[in-house]
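The values are calculated or read from the model by the stated rules, or taken from the named source; none is laboratory data. All values derive from a computational prediction rather than experimental measurement. No Cβ is skipped: glycine too gets one built from the backbone with ideal geometry, and neighbour counts run over all protein chains shown.
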Amino acid sequence: MYGAIANDGVIDGTRLLSSELVSELRGKPNLTPDLNLGIPFSYHHGYQSSPVPGLLPGYGHIGLGGTLGWADPDTGSSFGYVHNRLLTLLLFDVGSFAGLAPLLSSAISAARRAGPLEVPHLGAPYRGADEQEPAS
């Protein structure tokens, strides 16, 4: 879903969300203390913006253990991050986000500049938005 959010509601030429809905999901920055973590977040329709302005543009959701789904409609990029451990203190969830944000942002920018990279041994081959799915 974050891929659709990052690309005005469209994936591979198919509209999944209206442009109006995607625009509404961003919301307006309004930092208020999170009742669980005690640190400020800006929530809108279940999505969060970065707790540190400018740290990572866009919005998404930080989950238990520091898992993260994120979309940046301004650059058309999105990512999901899941790791293999559960941090014990909820505050570390945000700490892992703060440490990963600049690295992820840099990697996403580099990948977008380089263009698609086909990795067939890890999944389906790349198919551009203007290409049709092969007949079965």
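So is Leu16 surrounded by fewer than 19 Cβ atoms within 10 Å (Cβ to Cβ), of a type in the set (A, V, I, L, M, F, W, C) and closer than 22 Å to Leu104 by Cα or not?
Details: surrounded by fewer than 19 Cβ atoms within 10 Å (Cβ to Cβ): yes; of a type in the set (A, V, I, L, M, F, W, C): yes; closer than 22 Å to Leu104 by Cα: no.
In short, no.
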Next on the checklist: Pairs needed: first member in segment 94-117, at negative phi and surrounded by fewer than 13 Cβ atoms within 10 Å (Cβ to Cβ); second member anywhere, modelled with pLDDT under 80 and part of a loop (DSSP other than H, G, I, E, B); C-beta distance under 7 Å; at least 6 residues apart or different chains.
Outcome noted: Pro116/Tyr126
Next on the checklist: Against the conditions (1) surrounded by 10 or more Cβ atoms within 10 Å (Cβ to Cβ); (2) modelled with pLDDT under 80, where does Lys28 fall short? Just the number, please.
Outcome noted: (1)
Next on the checklist: Could you check segment 1-48 and list, in sequence order, the residues that are of a type outside the set (S, T, N, Q), in a loop (DSSP other than H, G, I, E, B) and touching a Pro at 6+ places or on another chain (Cβ under 8 Å)?
Outcome noted: Asp8, Pro29, Leu31, Asp34, Ile39
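So, in segment 52-93, of the ones that are modelled with pLDDT under 70 and part of a loop (DSSP other than H, G, I, E, B), which residue ends up surrounded by the most Cβ atoms within 10 Å (Cβ to Cβ)? Talk me through it step by step, then tell me what you get.
So the first thing to find is which residues in segment 52-93 are modelled with pLDDT under 70, and the list is 87-93.
Filter again for part of a loop (DSSP other than H, G, I, E, B), leaving 87-89.
Values: Leu87: 14, Thr88: 8, Leu89: 9.
That would be Leu87.
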Item to check | Hits in segment 11-46 (condition: more than 21 Å from Gly65 (Cα to Cα) and touching a residue at least 24 places away in the same chain (Cβ under 8 Å)) | outcome: Asp12, Gly13, Val22, Leu25, Arg26, Gly27, Pro29
